[in-house]
Amino acid sequence: MNFRLQLKEGWSTLFLSLGMVLITAFAIFQAELAEGLESLIYIGGIGYVVGFFLAQSVFSPRVSVGLSAVYALFSIVFVLGIYLYPEETLWIERATDLFQRQGAWLQKAFNEQTSRDQAIFVIQTSILFWVLGHTAAWFTFRDPKIWRVVVPSGLILLSVVFYYYGPRPLSLYLAIYIIFAFLYVARTYLASEQSEWNSAVVRYERTIVYNFMLAGLMVSIASMLVAFTAPTPGASTSLNNALGGANTPLRRFQDNWTRLFASLRTYGTDTSDNFSDSLTLGGPRDVGDTLVMDVFVENQLPYAYWYAVTFDTYEDGEWSITPGDREVHVPDDGLISVPATGARKTITQTVRTYLPSSGNIYGMSEVVTSDRQMFVTAQRDSQGKKLVSLVQSRYVLPQGTVYNVQSQFSTANGRQLRESGTRYPTWLDVYFQVPDTITPRTIELAADLTAGLDNNFDKAIAVRDFLRDHITYNDQIDAPPDGAEPIDYVLFEDPEGYCNYYASAMVMMLRSQGVPARVVSGYAAGEFVSDANLYRVRAKDAHTWVEVYFPNYGWIPFEPTASISPYNRPDGDVTDLENDVPSPLDEFETPLEDREEFLPEENFEDPGAAAIDDLPVQETGTWGSVLTLQSLRRMGAVLVVLLSGVALYLTSILNSRVETDVVQSYDRLGRWGEWLGLALSPTQTPYERAEHLVESVPDGELPIRQLTDKFVVHSYSNDDTTESNPQEEWRMLRPIMLRQSVRHYVGGFFLNLRGRWRRWRY
């Protein structure tokens, strides 16, 4: 006779529920957020297998959870030990390091610090997937609750797909998950109906399983088609503020998440920003009038540029960036460590972006911090300070996002810049670069314009003013002809162009005269709305300008393009902005506070201006900042000792009450028998029960018979002279019963497993 292992829920249910866990784990692994995430596939699978066998066992839910926790501890340490450590590392060192990493992470979590340990995400996600695997099996085969199987893994997968901008098609995994989920729901519903039909002896066609599964597949495919073809809802500022505002639970959760898992890998996407790591002098441009952003400030600035990227190298009509390190900067890191410069004032800007997806962090020069995590691309000077060329948001900023930026705004006047001298640091060498393609007449023109000037500030003004007068602004020009050097062409052949040409000509002419300069791209100031203290920036404000380096004062902007009004710095000792100028490396006057509550409601199609109140300074602090890992360990140790003492005390009292009472002791003896799986009948006499127990627990024969004798004498005799305290018998019997219980359940579990395996084979 042939046997096969049967599941009343159906084997397809097992594969579908396990498949949903593994699909989610594989999607996270494919996202490549951290090294070692392939371990999630194994841990989720092992957790499911353990949960399945525990669901098939006779263990109670509490015992099953305890056993699962033990298996989880060993399984997670074993799997992560393989994936996160080299083979030569001792296993005790691997396990110890995993626990120490977790402890260090908890310390940073309580102290509101930033964690950059990539392994922490792997550790905690592994724990999560063990729970997902165990509960998926448990709520399928022991306590059927289908939504507790479908929803948790589905939400995790959906969040990964939503926030992932990498090259892998993770949406495909979501589609497969939806198919599995529909099939799972259909199959589990049918299994429950089949159980009722079988109990009621109702006949039904066996092909109903196939029909149900086919219907579930068709419904899942139809649902995905509807979702794919449905129109995308328009952007809503009120909804964005409700979900993503700085004071909402979702925003606070996002901020804490990025702080505690700052090392996770992120990917760029096709953003709506018009800037890249290169700038070509080409043909006409058409930027349009699309609204880009509003920049809120406390007072109107004497000049304003919103920086995107700086260029240092020019070759064959194209600007590029010298490669540098790209590092994550989080708000907890404080200021970006830039070279010290004087005559700078801290300017706080609040930016609301209207681009569908933005990747740049825009702000006045120099951006030194933001309330958003940033990618900072920079080289380093001889002192290790960052020479920043590009600042980007670590995560894509959707339409309506609001973020804060602080910049070190230059307030240097003409006299200071004229007297700054020419003692340049060595890292500036690239900003003197003049390629061989720059024509001699371009260099001669620059020499003529700067002849007789003894300082670089006046030289920059002379070249700037010449270009503004000489070149006619026109953004619809044709590209220079093949073989023509673009700067030479716009200076001598066809003096028409737009900002890219103005800025490139000025930088090359200044460099040829020993003045360090660079090209900067971003946005010009835009329209200032005075009653709201904001700059309204549109696509047509996309701009390229020039920065010249002055010792002690850093990079100073100049405007050579004729269509943009220049800022002429005063020649006096101080400017109006210098009355309260902090040192550039001092602490900010006020912390980078949340200003979102002061922003007006905006309509993305026709944003209106509204007044902004004065911005108060908010003081923040949390109880977590006073906790340290050492204090938590001490508190935890004391708590464990206290709870252990209380548990022992209560257990001793309970045992004393039960084991000193003959009737309660006899009842406990019967419960032990039931726990061991003995079929004790109420019709059995006490001595028949005792014989039944002795057959199963021969080592406990003496105390079992003595307990039974005392119960019989106590219940059916008037002899009060017999000693009736059974506590001594229980001291002998308790360890015997514990050993027998372990042998019974562990052995029974593997015996049952072996039997099922043999029936399945044959």
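None of the figures in this text is laboratory data; all of them are computed from the coordinates on show. Nothing here was measured: the structure is a model prediction, and the numbers come from that model. Note that we place each Cβ from the backbone using ideal geometry, even for glycine, and neighbour counts take in every protein chain shown.
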Positive dipole terminus of segment 11-168, leading residue within F110, V77, V149 (C-beta point charges): V149
Packing-based ranking, highest mean first, of 290-303, 318-331, 401-414 given that Cβ atoms within 10 Å are counted: 401-414, 290-303, 318-331
Size descriptor, Kirkwood hydrodynamic radius, that averages inverse alpha-carbon separations across segment 11-168, Å: 16.5
Förster-model FRET efficiency, 41 Å R0, E527 and A109, C-beta, rounded to 0.05: 0.40
Net length gained if the chain between A539 and Q56 were fully extended (0.36 nm per residue, minus Cα distance): 167.5 nm
Potential extension, D143-W427 segment - 0.36 nm per residue separation minus Cα distance: 95.5 nm
For a label point 7 Å along the Cα-to-beta-carbon line of A484, residues of segment 297-327 with backbone N under 15 Å: 317
Calculated FRET efficiency for the pair E298/E444, C-beta based, R₀ 45 Å, to 0.05: 0.45
Label-to-label distance, nm, for residues given as F78 and E315 (7 Å Cα→Cβ offset): 5.5
Cross-link pairs beyond the 29 Å C-alpha cut-off, checked among K345/K386; K108/K345; K108/K145: K108/K345; K108/K145
Label-point separation, L155 to Y687 (7 Å along Cα→Cβ), nm: 6.3
Taking the C-alpha atoms of segment 445-529, convex hull volume expressed per residue in Å³: 124
